[in-house]
Every structure is written in structure tokens, then in C-alpha cells.
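Report on the following structure.
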């Protein structure tokens, strides 16, 4: 556990070679957590020192967001960037490869733009950039494909209120019943719009009610504030000049259209873009391309 000055305790783990190239995995969400550690398979353990971090408020880090609502406003992207820097310094790492998935790709880009001198390479999968138009699409626009599910999501939203703002507010309500109802509705919506992936399975994203509420609380907290980015990621891509990058995205990812990685790629000299026709929000071919990229960087 990494103790932070504000009392948060962050779970981190290291595997692979003590003398290998450092690589940091940034999980999705916000609030997804490291899970069962499948991210390690991307890296050759004989070549890489593989670092995983449960971002504050989720996973094995403490306290969870839902147990510390009075301090939720301190959980921001700049805070996460400072957490990452704190871990880098704690581990004595000079530069590391960043591997970000979904929300983790937004965080990887934001960190790299803040500390480009600490980043050797970047691999992004199911690419997002945290822009307002992406958030409006995933909470409203994609409803043109899933109108029934979008209608159910809107049932709890007062007329004239932005959907993500309403859910962020409800998930901080003092009444636990209000929070539970909002978390269940949000989970049902997220489950609906990822179903076009060939590997999606029916049912809730989170079986455990506490995990469901914690995830929804963090996602809506970040999205309602445009991911706490002081400037859009796309407007600062010049800061990544000289950093090699690989962007991997599924054409069928309706939750996050391929436009985002395409625009990032065009603004990022030295990046490579792979769009996979048969995949959605991740999949086995995407994971294999991430492995291939990590192997290639290890040989350089």
C-alpha cells in the first residue's frame, strides 16, 4: 500500500523481472480496479517489471469512494496523476511504458502530457480521451442504437437536467435507497451499450451491489466534470512528440467510436493506429496486438 498525504492508501503490485523495463498498467472505469491481474499477460515477465495500481477509491485501495463521499471532490485526474508520480518515485523508476485500457487510456494520455519526460512508450486499447462529446455520446447519443435502454436510463432524470449530472447527484444522495436505485439503473445502461461486442455476456456488469454503486459513483463523478481535464487531451498532443505510441480499437465499439483514436493518431507524430473490424470494446485480437507492441518495444 502507498500512503498518500490526504490519508488515501493505494494498492500497488509488481511482477516480472526486477531488472526489466518498467511498465505501468492503468485500468478502466474510472473505478474498474485491477481485477484478477489479466493485464500482466500483455508483458513478457522476463523483460518487464510490470506495475499495477488500483486507482484511488476502488479495487484494493482504501477508502472506497462510496465510503468517503464527503471527500469525493478531491478524487480528480490531477490527483490521480500525482498518485502515479508518487508511486513512480516510491519504486525508484525513472521512465516507464504506459498501458491504458478504456478510461485508463485517457489517464495515460493525461499523465504523459503532464510528465512526458517520465514516459518511454504508450500502448492504448479501447481508446478514450475524456472529451465532452465522448461523454455526451456514451450517455445520450448512443441511445439512437439502444432506445429502450436509454429510455429506462432517463426515467430517473428530471426534465432539463443533463443525464450524467443527474446520476452523479443521485449517487451522492444521503438516502441509500436513492443511491442504490441510481447505481442499478446506471449498471443496466452500461451493460446494454457494450452488447455489440462479440464477447459481451448478458447480465449486470457488477454482480456485487457495493461494487456496482462504487463504480457508478466514480464514473459519473468524473464524467459530470469532463474528467477533470484542464484542457482537452486532443489539444495537447504536441507534448507527446518523440514518445512512440500504439492505439488499438474495435470498429464495433459503439460505446466509444473509432473517431477518438483516429483524431489522436492524426495529432500524434510517431503513433500507430490499429482498428479491428470484428471487435468491440476490447477482445482477443486487441489484446494480442498489445502483446505484440510490448514485445516490439522490449526489443528496441
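Where a number appears in this text, it was derived from the coordinates with a stated rule and is not lab data. Worth saying up front: this structure is predicted, and the values here are computed from it rather than measured. Note: ideal-geometry Cβ built from the backbone for every residue, glycine included; neighbour counts use all protein chains shown.
Residue order for 13, 121, fewest other beta carbons within 10 angstrom first, comes to 13, 121.
Contact order for the chain, expressed relative to its length and based on alpha carbon pairs under 8 Å spaced 6+ residues apart, stands at 20 percent. Translational diffusion of the range 134-226 was estimated from the Stokes-Einstein equation, with Rh taken as the Kirkwood radius over Cα pairs; at 10 °C and 1.306 mPa s the coefficient is 119 µm²/s.
Set against the 2.2 N^0.38 Å expectation for a compact globular protein, the range 1-140 has a Cα radius of gyration ratio of 1.02.
Rounded, prolate or oblate: which fits the range 150-300, taking a ≥ b ≥ c as square roots of the Cα gyration tensor eigenvalues, rounded meaning a/c under 1.5, else prolate when a/b beats b/c? Note, shape of the range 150-300 comes out prolate. Counting beta carbons within 10 Å around each of 127, 157, 51 and listing the fewest first gives the order 157, 51, 127. Between residue 117 and residue 272, the contour length at 0.36 nm per residue exceeds the Cα-Cα span by 53.8 nm. Annotation: the residues 266, 172, sorted from fewest to most other C-beta atoms within 10 Å of their own C-beta, follow the order 266, 172. Highest mobility in the GNM of the chain, judged by mean-square fluctuation with C-alpha springs under 10 Å and restricted to 50, 123, 275, is found for 275. Each part gets one Cα centre, and for the range 1-46 versus the range 91-151 those centres are 17 Å apart.
How high is the relative contact order of the range 1-133, in percent, counting Cα pairs under 8 Å that sit 6 or more residues apart? Reported as a whole number, the value is 26 percent. Note: relative contact order over the range 134-226, using C-alpha pairs below 8 Å and six or more positions apart, is 30 percent. The angle between the Cα long axis of helix 284-299 and the main principal axis of the chain comes to about 30°, on a 0 to 90 degree scale. Derived value for the range 113-183: Kirkwood hydrodynamic radius 14.8 Å. Basis is the mean of 1/r over every pair of different alpha-carbon atoms. As I understand it, the value is the acute angle between the Cα axis of helix 103-114 and the longest principal axis of the Cα atoms of the chain; what does it come to in degrees, rounded to 10? Taking Cα atoms only, the helix is inclined about 50 degrees.
Our estimate of slack between residue 94 and residue 161, defined as 0.36 nm per intervening residue step minus the Cα-Cα distance, is 19.6 nm.
Taking the Cα atoms only, what angle lies between the long axis of helix 209-223 and the longest principal axis of the chain, rounded to 10 degrees? Computed tilt is about 80 degrees.
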